[in-house]
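The values are calculated or read from the model by the stated rules, or taken from the named source; none is laboratory data. On a predicted model such as this, the values are computed, not experimentally measured, just so you know. Note: ideal-geometry Cβ built from the backbone for every residue, glycine included; neighbour counts use all protein chains shown.
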Amino acid sequence: MVEVFITNFSNVTKHLFYQSYPQLFTMLFTIYSRKTNTHCYYSYLCYEINLERLYRTVMKRKIALAADHAGFEYKEIVKNYLSEKFEVQDFGTFSTDSVDYPDFVHPAATSVENRENELGILFCGSGNGVQITANKHQKIRCALCWMPEIASLARQHNDANMISIPARFISKELAIEIVDKFLSTDFEGGRHQNRVDKITYC
Ligand SMILES: O=C(CO)[C@H](O)[C@H](O)COP(=O)(O)O
């Protein structure tokens, strides 16, 4: 039954299914690989990587945004900037009234962990509070970015799936450049993959 299920699906369908039900898909794929005695883990990773690229070209990429009152204005600017090309999910805050950033960051980080959103962008005054909060999540690698080169490196070397922007310390133009670099740069893998793999084992 599992074999029929796996083999009858096109890769695109599999990927879309994986996007919606990652745990169920992974479970079925594991059963299938054991049953057929094939090294499906690697083929799964390969098609995951290739389909990720295909997916990006045909589907709008999903981006989570969250901010506190200090980052609210920058969040709105970035939201407007991204809204045409990306599917943006705004987790708040929705005004400059004083708030506590974890109330907005945790839901945004959870959505990236659950793969409801591919990547996330966070804003607060210094960028630190939102970053520290996001990095409490096991599957989140959130990098504090105050210049575009740091955002590129966060993707290339750290496979960062979220960034934090210090809204009180950089210009709006620079924030947009940082966002552009973050969203257009891929993880390099290789030696960096080994290091990233070791991050959560502490
Ligand atoms: O940067 C931040 C957290 O790292 C916050 O935006 C900052 O602490 C908010 O400060 P205030 O309540 O004084 O506006």
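Please determine whether any residue of the stretch 131-139 is over 12 Å from A66 (Cβ atoms), touching a residue at least 12 places away in the same chain (Cβ under 8 Å) and assigned to a helix (DSSP H, G or I). No, because not a single residue in the stretch 131-139 is over 12 Å from A66 (Cβ atoms), touching a residue at least 12 places away in the same chain (Cβ under 8 Å) and assigned to a helix (DSSP H, G or I). For the stretch 129-147, filtered to residues that are of a type in the set (A, V, I, L, M) and surrounded by 18 or more Cβ atoms within 10 Å (Cβ to Cβ), the residue that is nearest to the ligand (Cβ to nearest atom) is V130. Residues that are at pLDDT 95 or above and surrounded by fewer than 20 Cβ atoms within 10 Å (Cβ to Cβ) within the stretch 42-68 comprise R61, K62, listed in sequence order.
Hey, any hits in the stretch 192-200 for a residue that's out of contact with any Cys (no Cβ under 7 Å at 6 or more places or on another chain), within 14 Å of the ligand (Cβ to nearest atom) and in contact (Cβ under 8 Å) with a residue 24 or more places away in the chain? There is no residue in the stretch 192-200 that is out of contact with any Cys (no Cβ under 7 Å at 6 or more places or on another chain), within 14 Å of the ligand (Cβ to nearest atom) and in contact (Cβ under 8 Å) with a residue 24 or more places away in the chain.
Taking the stretch 153-179 only, how many residues are under 14 Å from the mean Cα position of the chain (by Cα) and either assigned to a loop (DSSP other than H, G, I, E, B) or more than 16 Å from the ligand (Cβ to nearest atom) (or both)? Before the answer, list the steps.
Here is the first cut: in the stretch 153-179, the ones under 14 Å from the mean Cα position of the chain (by Cα) are 154-156, 158-164, 179.
Now narrow it down to the ones that are either assigned to a loop (DSSP other than H, G, I, E, B) or more than 16 Å from the ligand (Cβ to nearest atom) (or both): 154-156, 158-161, 179.
Summing the residues that are under 14 Å from the mean Cα position of the chain (by Cα) and either assigned to a loop (DSSP other than H, G, I, E, B) or more than 16 Å from the ligand (Cβ to nearest atom) (or both) in the stretch 153-179 gives 8.
Tallying residues that are touching a His at 6+ places or on another chain (Cβ under 6 Å) and under 16 Å from I165 (Cα atoms) within the stretch 94-109 yields 1.
Applying the condition of being in a strand (DSSP E or B) and more than 17 Å from R155 (Cβ to Cβ) to the stretch 98-128 and asking which residue is nearest to the ligand (Cβ to nearest atom) yields C124.
To keep it simple, each residue is scored yes or no on (1) without any contact (Cβ under 8 Å) to a residue 40 or more places away in the chain; (2) at negative phi; (3) aromatic (F, W, Y).
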{"site": "V58", "(1), (2), (3)": "yes, yes, no"}
{"site": "R61", "(1), (2), (3)": "no, yes, no"}
{"site": "F72", "(1), (2), (3)": "no, yes, yes"}
{"site": "Y81", "(1), (2), (3)": "no, yes, yes"}
{"site": "K85", "(1), (2), (3)": "yes, yes, no"}
{"site": "Q89", "(1), (2), (3)": "yes, yes, no"}
{"site": "D100", "(1), (2), (3)": "yes, yes, no"}
{"site": "F104", "(1), (2), (3)": "yes, yes, yes"}
